[in-house]
Amino acid sequence: MLNTGTVLVSGGAGFIGSHLCERLLGDGYDVLCLDNFYTGTKKNIRHLIGDPRFELVRHNIWMPIFVEVDRIFNLACPASPVHYQNDPVATVKTSVLGSINMLGLAKRRSARILQASTSEVYGDPQRHPQSEEYWGHVNPIGFRACYDEGKRCAETLFFDYHRQHAVDIRLVRIFNTYGPRMHPNDGRVVSNFVVSALTGKPLTLYGDGSQTRSFCYVDDMVEGLVRMMDQSSSIGPVNLGNPEEISIRELAERVVRMTNSASPIVFKPLPNDDPHRRQPDISRATELLDWRPRVCLEDGLKETIAYFRSVFK
Ligand code: NAD
Ligand code: UDP
């Protein structure tokens, strides 16, 4: 069934945003992609340009915008620790001013709006796995705070616009997501390891590598985002991620094996406030959305490695 209406995707030229734009066009929507290309790139969406239902506007969401849209996915925000810490004040402005502007637009248009929040709202969690009831353990003045607290404040804004102005919100907390179209210089672990392995450079393991993450393939994430937007039973928050937990050391070894790389693994200092463990409890998403990840880490890494091989061909 073809859908109608215009969906705005802020951050649509980014990694997850570009896959989402593609999916929404496939589902029949008109798509308005807003991006200031801070970490995203036109390359990610170049195959969509020329589609009469796709529109790209260079725009910084710190500024208000008046457009006629029916739904909004608010994804604009640098997500890699390297990039969000590069200009921390900009990161806070994107989460806070950007959310106010996107929520204001949703209010004027009576449009449903989904916020891409993050597992970082749980900080360095003291509860494992993390469920939505957990309030988190965040250092408010640390190097990651611009992102963590920015996203927490965005969550506050979403719930206050809902309570005060009856804006129709949806809130998801995204856990580490990876796949094709991550930027080669993104700085996040999967792209770093794959790029290093394919280019013969050392894989940089921060700390002793015993810290864990749980990695979700991008197609599964997009499916979760769409399902959350489409349902009318709950505004969230809902965790979206793959509960398959792995240590970063194991990830490095797996990437070396899967790429047949001769690259060594070298140890570097652990970044400030780097969370020790992270794993989503996805019971709520499973119950509400009948959603669970379909792509295991091995298969997702195969796709990601194939993508980066084509980039470096
Ligand atoms: P990304 O950096 O590839 O994409 C972010 C996009 O937002 C980029 O295209 C960037 O240019 C754009 N952007 C940044 N600031 C902007 C601004 N002020 N105005 C307009 N555009 C702006 O990151 P991603 O992995 O695709 O993440 C997308 C969203 O999902 C982010 O909000 C991120 O916080 C959230 N998220 C991602 C992950 C993950 O593992 N990928 C985990 C948790 C949350
Ligand atoms: N990491 C690493 N080497 C790298 C990049 C990251 O060991 O080249 C580690 C990082 O310290 C963290 C984990 O991998 O423990 C995930 O980092 P990422 O930046 O991908 O995301 P985070 O979950 O920390 O936001």
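Side notes on the structure shown:
- Candidate set from the range 110-130 (those that are open to solvent by less than 20 Å² (accessible area, probe 1.4 Å) and either of a type in the set (Ser, Thr, Tyr) or within 15 Å of residue 275 (Cα to Cα) (or both)); member that is nearest to ligand 1 (Cβ to nearest atom): 118
- Put simply, of 186, 160 the only residue that is open to solvent by 10 Å² or more (accessible area, probe 1.4 Å), among the charged types (D, E, K, R) and modelled with pLDDT under 95 is 186.
- Note on the range 278-304: residues that are outside any helix (DSSP H, G or I), among the basic types (Lys, Arg) and more than 16 Å from ligand 1 (Cβ to nearest atom) total 2.
- Any hit, the range 287-302, residues being over 15 Å from residue 217 (Cα atoms) and open to solvent by less than 60 Å² (accessible area, probe 1.4 Å): yes
- Within the range 161-181, the set of residues being among the small types (Gly, Ala, Ser) and either near ligand 1 (Cβ under 7 Å from one of its atoms) or over 25 Å from residue 81 (Cα atoms) (or both) comprises 166 only.
- The strands (runs of 3 or more DSSP E) found entirely in the range 1-79 that carry 2 or more residues being farther than 28 Å from residue 215 by Cα and open to solvent by 40 Å² or more (accessible area, probe 1.4 Å) are 54-58.
- Taking every residue in the range 288-313 that is over 13 Å from residue 255 (Cβ atoms) and pairing it with any residue that is open to solvent by 60 Å² or more (accessible area, probe 1.4 Å) and not aliphatic (A, V, I, L, M), at least 6 positions away or on another chain, the pairs with Cβ-Cβ distances below 7 Å are 288/233; 289/227; 291/227; 295/219; 296/244.
The values are calculated or read from the model by the stated rules, or taken from the named source; none is laboratory data. Keep in mind it's a predicted model, so treat the numbers as computed, not measured. Reconstructed Cβ throughout: ideal geometry from the backbone, glycine too, with neighbour counts over all protein chains shown. Note: accessible area is taken over every heavy atom of the protein model, side chains too, but ligands, DNA and RNA are not part of it. Shrake-Rupley method; radii C 1.70, N 1.55, O 1.52, S 1.80 Å.
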